[in-house]
1. Considering only region 63-81, state which residues are more than 17 Å from residue 33 (Cα to Cα), touching a residue at least 12 places away in the same chain (Cβ under 8 Å) and not in a strand (DSSP E or B).
2. If I ask for residues that are farther than 19 Å from residue 88 by Cβ and in contact (Cβ under 8 Å) with a residue 24 or more places away in the chain, which ones from region 29-62 would you list?
3. State yes or no: is residue 84 within 19 Å of residue 18 (Cα to Cα) and in contact (Cβ under 8 Å) with a residue 12 or more places away in the chain?
4. Is there a residue being under 14 Å from residue 10 (Cα atoms) and over 12 Å from the mean Cα position of the chain (by Cα) anywhere in region 58-71?
5. What are the residues in region 14-41 that are in a loop (DSSP other than H, G, I, E, B), surrounded by 13 or more Cβ atoms within 10 Å (Cβ to Cβ) and at pLDDT 95 or above, if any?
């Protein structure tokens with residue numbers, strides 16, 4: 001029986017290929033209300049680190065990884081914001 005992912009590994013909600021060839025790792029966050037900073041603020045440095053870890057693991061299957069970026073889709077109630085380049089892997 002294979003072991004499941006560790007708590008540290010994280011997961012990526014969406015992996016997209018932009019028209020310019022950039023591989024986009026997208027985190028989707030939703031909040032009923034924008035209180036406490038809203039959905040975008042819930043992508044904490046710890047969450048970012050888990051996403052970066054998962055993205056690096058995914059990129060191991062590419063001999064020559066394409067350019068990458070991390071986006072956040074933040075949904076606060078009925079309002080949706082797509083934050084391109086929301087954070088960096090460095």
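The values are calculated or read from the model by the stated rules, or taken from the named source; none is laboratory data. The structure displayed is predicted, hence computed values, not measured ones. Virtual Cβ from ideal backbone geometry, glycine too; neighbours counted across all protein chains shown.
1. Of everything in region 63-81, those that are more than 17 Å from residue 33 (Cα to Cα), touching a residue at least 12 places away in the same chain (Cβ under 8 Å) and not in a strand (DSSP E or B) turn out to be 65, 66, 67.
2. Listed by number, the residues that qualify are 30, 31, 32, 33, 34, 38, 39.
3. yes
4. yes
5. Step one: of region 14-41, the residues in a loop (DSSP other than H, G, I, E, B) are 18-22, 32-34.
In the following step, the residues that additionally are surrounded by 13 or more Cβ atoms within 10 Å (Cβ to Cβ) were identified as 18, 22, 34.
Across region 14-41, the qualifying residues are 18, 22.
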